[in-house]
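This report refers to the structure that appears directly beneath it.
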Amino acid sequence: MTKTYTVAWPLWGALCLLLAACEGRNASEPVTTPEPRIKASEATLTLYNRSCISCHASGAAGAPRTGDAAAWAARIDQGREMLLKRTKSGWIGMPPMGMCTDCSDEQFIDLIEYMAQTPISKP
Ligand code: HEC
């Protein structure tokens, strides 16, 4: 009996968060998965789906995951120049150009901001 409840409630909480069904209704539950602040354009999503997704969706090889702003925070803090440099030349587990050989600097920035859900404010 007790066991069912202890298992069921956290599950229901997780479901609510996933469906965003309880948003604004249960003030005691912290909202950990807000709506994406940065939405990617069709063009950016196409590039993302062609290249970055293979590692950044799953976190393969330790890649910071798409939508996980916390995992990206320190990286975003490095600023535009360093992020572009590492993306283009490759960085630890990431191949040069993140496997998007025809991406431009602007496209990389769009992709990074989308994945990090954080605008890059530093140059
Ligand atoms: C083959 C796997 C793979 C692909 C494809 C990939 N990445 Fe990555 N990426 C990684 C890994 C692994 C890391 C984390 C490296 C580390 O340990 O710091 C990373 C880190 C990054 C970082 C942070 C670098 C830093 O300074 O900390 C940026 C920016 C980035 N990727 C952008 C991209 C973009 C943009 C694309 C698509 C065009 C992409 N990645 C595609 C594996 C990948």
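Highest-first packing order for the peptide set 108-118, 46-56 is 108-118, 46-56, based on the mean count of other beta carbon atoms within 10 Å.
With a simple spin-label model that places each label point 7 Å from the Cα along the Cα-to-Cβ direction, the separation between S58 and M97 comes to 2.3 nm.
Rounded is the label for the stretch 42-116. Its Cα gyration tensor axes, ordered a ≥ b ≥ c, give a/c under 1.5. Placing dummy labels 7 Å off each Cα toward the beta-carbon, the span from D105 to R86 is 1.9 nm.
All of the numbers you see were taken from the coordinates with simple rules; none came from a lab. No experiment lies behind these values; they were computed from the predicted model shown. Note: ideal-geometry Cβ built from the backbone for every residue, glycine included; neighbour counts use all protein chains shown.
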